[in-house]
1. Sort 123-132, 191-200 by the packing proxy (mean of other Cβ within 10 Å over each peptide's residues), most packed first.
2. Which value, in debye to the nearest 20, describes the size of the charge dipole of the chain about its Cα centre when Lys and Arg Cβ atoms bear +1, Asp and Glu Cβ atoms bear -1, and nothing else is charged?
3. Picking from Phe155, Phe227, Phe303, which is most flexible by a Gaussian network model of the chain using Cα springs under 10 Å?
4. Identify, among Phe61, Val366, Ser10, the residue whose Cα sits farthest towards the positive end of the charge dipole of the chain, taking +1 on the Cβ of Lys and Arg and -1 on the Cβ of Asp and Glu, with the dipole about the Cα centre.
5. Could you tell me the relative contact order of the chain? Use alpha-carbon pairs under 8 Å, at least six residues apart, and round to a whole percent.
6. Of Lys134/Lys205; Lys182/Lys216; Lys113/Lys314; Lys2/Lys49; Lys3/Lys134; Lys41/Lys67, which pairs sit farther than 20 Å apart, going by alpha carbon to alpha carbon?
7. Would the chain count as rounded, prolate or oblate if I go by the C-alpha gyration tensor, calling it rounded below 1.5 in a/c and otherwise prolate when a/b exceeds b/c, oblate otherwise?
8. Using only the alpha carbons of the stretch 196-289, determine the length spanned along each of the three principal axes and report them from longest to shortest in whole angstroms.
Amino acid sequence: MKKKITILGSTGSVGISTLEIIEAHPDKFELVGLTINSNFKRLREQVKKFRPKVVSIKNDFAYKEFKKINSDKNLIILGGNSCLVEILDYKVDFLMAAIVGSAGLLPVIEAAKKGISIGLANKESLVCSGAILKKIILKNKAKLLPIDSEHNAIFQVFENSNKDQIEKLILTASGGPFIGKKTEHLLKISPREAISHPNWSMGKKISVDSATMMNKGLEVIEAHYLFDINIENIEVLVHPQSVVHSCVQYTDGSVLAQMGTPDMKTPIAYALGYPKRISAPIKKLNLSEIGTLTFREPDHETFPLLKLAIEALKIKKNAPTILNAANEVAVEAFLNEKISFLSIAKVVDLTLNKAKISKIDNVEEVIEEDRNARLIADKFVSLELF
Ligand code: NAD
Ligand code: MG
């Protein structure tokens, strides 16, 4: 039986890599649905090649344009505000959540309610909803399979039967394009500089998050919820070669790591094939060519967002939701050249201080907190205090 799959965010970096794995294994997978925001021309190419049953197009203009150019008469085309959730009415075994930001929350929750396996690239949905999403997953016997390379690495070497012998998780970070730089070097960073990552080719938002180290902050929160490990037992190490994708340290002194070339197709193939391994069309790791692997402590002074994320996780309640929403607003403002690179951390810090910390118990409250934090962060952006 083929695994039936829908991809949220098929025109993005993770979405495209997912399609490459599906293409490499026509005997194993059947593509049911694709969703996008606005790149309708790319969607048309994907539809022609992969013949899905249904597509969802979030952006109104793109929805109308796609309908004009689509030639597949059997294709079901969904649009409007709920189209990312409605696409899950078409039954699948696996949802690849490769959308950016908290926009992924509702479809991920819906998939969890349906008991589907979820390939979680969209870390923001777990960061903003934390224990609430975990509870829904558990209740409905759904599965969260980590796609983020660090979490996928940990998932591969995490011995559930020896969980009580786990001392710590070691999350590696490439350090991004500004590794080794100090604050005075970061005053005039352009969006183009911030999104040129040395090792990974990714979407704009996560590339900026990597440059500010917020990506690692979000990943610490993600790791805490995925593996149920205390924040004190999660360590971050900067590893510029991005070969060791993360490790688990056990009480007997063993440190188990997963290594590979920095290519998302490896974790994607692992999650799609799980529990079986399947091949992935990538350049394989050549350790002698690489020669040296290095590790060092993160520079918290220059990149304060990592610590801020850890603080938010310690506070819990709605703090990670606020942190994530403020960061999404700040990164977008930076990409639109409204604020400077260094102001991203300031907007997040100010928003966390301004927003009221309160308990959240359900998805509706997550959405409400996300919206409130965005309003506050928007104000800090428009005040241009920086
Ligand atoms: P991307 O910007 O390349 O692609 C995003 C996709 O989501 C696009 O298809 C876009 O159309 C869709 N989308 C964006 N906003 C939307 C909205 N509001 N409504 C509907 N669709 C929307 O992003 P990416 O780099 O592929 O990252 C996707 C997710 O995976 C992010 O959460 C990111 O943190 C995570 N991730 C990415 C990588 C990577 O290598 N790219 C690695 C680890 C984790
Ligand atoms: Mg990652």
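1. 123-132, 191-200
2. 1320 debye
3. Looking only at Phe155, Phe227, Phe303, the largest GNM fluctuation is found for Phe227.
4. Phe61
5. Here the relative contact order equals 15 percent.
6. From Lys134/Lys205; Lys182/Lys216; Lys113/Lys314; Lys2/Lys49; Lys3/Lys134; Lys41/Lys67, over 20 Å: Lys134/Lys205; Lys113/Lys314; Lys3/Lys134.
7. Because its axes are fairly even, with a/c under 1.5, the chain counts as rounded.
8. The principal-axis extents, from largest down, are 37, 33, 29 Å.
FYI, it's all coordinate maths here, none of it is from the lab. Everything numeric in this text was worked out from a predicted model, so none of it was measured. Here the Cβ is made from the backbone with ideal geometry for all residues, glycine too, and neighbour counts use every protein chain on show.
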